[in-house]
Amino acid sequence: MNAPRRVEPVDVHTVAAGAEALFRSTFGGTADGVWAAPGRVNLIGEHVDYAGGLVLPFALPYVTVVAARIRDDNRLHCVSTQSADPWQGPLSDVTPGRPTGWAAYVAGVVWALRQSGTVPAEAGFDVAVHSTVPVGAGLSSSAALECAFALAVADLLGLPTDTDGRRTLIAACIRAENEIVGASTGGMDQSVAMLARPGHALLLDCRGGDSRLVPLDFESAGAQLLVIDTNAPHRLVDGQYGTRRATIEKACAELGVHTLRDIRDVDGALASLASPESVRRVRHVLGEIRRVIEVADLLAQNRISDIGGVLTRSHLSLRNDYEVSSVELDCAVDAALDAGAWGARMTGGGFGGSAIALVPADRVGDVVAQVLDSAASAALPTPQFLSAAPSSAAHRL
Ligand code: GAF
């Protein structure tokens, strides 16, 4: 058997020191400040945010940190310890599709805030990034980068950063990703990165944007939520994610509703859709929204182990009806269940990336071993395991 690879969280101040060191060696002098934002896992509510659904994500103890300093010449200079490609250029040149690559997530945030008239034309920024959120693992490294930088911009320009201010920043981050990066993602990731609280999940209603915090304590229930990064990279900017979203939007038009959430007669709606593929996709979304409500109810009764079965049903629906799972994710989920997990599912956008498994504390070793063995037997990449302690939202250090 392979030795289990656990990726332990690094203290946020240590991550910040990495960003500050890069800032000094690149730009000279010190940054005006340092801001951190977390990666996330979604407990349940997958591929429903862009359908006006309910989601239940929480922040992870892995963060992206930006060290930033304001400039007065409309230029953005950004560097990252995770990329050999720094970017610099005038912010007035930023437009859909330019820049490309990781800098688009940074530049896009300022572009979006400029659209709403909140950033003066001369404002520019030097930015150094360091992160412990694994990239391509479906744990929202993109939203962590956008949100850490959005909070930096807001603080440096004196924009509000209370809950309402954060909602404005969330909207800007979503626009950056949708319009500048070109990934038609739904907004769950940016919302949880900005609104999370330690020890809680965020129950977010993506129809109106209301949210409430739901206490989440796996440990006192004798459980652990294991995050399994399959090491099979996941991509949101390829066509599959956008195709799913387009199918849902087409189904809404066919059914004459603004979002799938507005459907009252589920059976009637499914019966009236012309294509069998749309039926499966819509069935997933409507079932998943119901499962989020079920899990929120179970959590309110502190029945942690009982949510396991709901998580597994979510995975089956994502695998069979929504078709966004992958061989690696199915292998991890099946192995975790075989070894005694109460439930398991893929988390995030899918097509690779990560799964979660809800495991009784005394079975964690067995589950880890079985997940590794199954991946090795199927000649799949070796998974790694991350900590799932519900953590803080974006903040200034
Ligand atoms: C990705 C997207 F960014 C989110 O908006 C969400 O749709 C998720 O996939 C699937 O639930 O993380």
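Before moving on, here are some points about what is shown:
- Filter result for the condition that a residue is in contact (Cβ under 8 Å) with a residue 24 or more places away in the chain, within 16 Å of the ligand (Cβ to nearest atom) and either crowded, with 20+ Cβ neighbours inside 10 Å or in a loop (DSSP other than H, G, I, E, B) (or both), over 10, 34, 41: 41
- Test: residue in segment 14-22 that is within 16 Å of the ligand (Cβ to nearest atom) and β-branched (Val, Ile, Thr): no
- Residue check, residue 332 on the phi < 0 side of the Ramachandran plot and within 17 Å of the chain's Cα centre (by Cα): no
- Residues of segment 279-305 that are farther than 27 Å from residue 255 by Cα and touching a residue at least 24 places away in the same chain (Cβ under 8 Å): 295, 296, 299, 300, 302, 304, 305.
- Strands (runs of 3 or more DSSP E) wholly inside segment 125-238 that include at least 3 residues being free of Cβ contacts under 8 Å to residues at least 40 places away in the same chain and within 22 Å of residue 388 (Cβ to Cβ): 211-215
- Selection of segment 231-275 for residues being within 15 Å of the ligand (Cβ to nearest atom) and either β-branched (Val, Ile, Thr) or within 21 Å of residue 293 (Cβ to Cβ) (or both) yields 237, 243, 247, 248, 259, 260, 261.
- Residue among 191, 184 that alone is within 13 Å of the ligand (Cβ to nearest atom), modelled with pLDDT under 95 and closer than 19 Å to residue 349 by Cβ: 184
- The residue that is surrounded by the most Cβ atoms within 10 Å (Cβ to Cβ), counting only those in segment 286-317 that are hydrophobic (A, V, I, L, M, F, W, C) and closer than 15 Å to residue 337 by Cβ, is 311.
- Within segment 329-388, restricting attention to residues that are within 19 Å of residue 308 (Cα to Cα) and among the charged types (D, E, K, R), the residue that is farthest from the ligand (Cβ to nearest atom) is 362.
- Residue in segment 109-120 that is of a type in the set (A, V, I, L, M), closer than 23 Å to residue 26 by Cα and either in contact with a strand residue (DSSP E or B) (Cβ under 6 Å, 6 or more places away or on another chain) or assigned to a loop (DSSP other than H, G, I, E, B) (or both) present: no
- Per-region count, segment 367-388, residues at pLDDT 95 or above, outside any strand (DSSP E or B) and surrounded by 17 or more Cβ atoms within 10 Å (Cβ to Cβ): 9
The values are calculated or read from the model by the stated rules, or taken from the named source; none is laboratory data. None of these values were measured; they are calculated from a predicted model. Neighbour counts run over all protein chains shown; Cβ positions are idealised from the backbone, glycine included.
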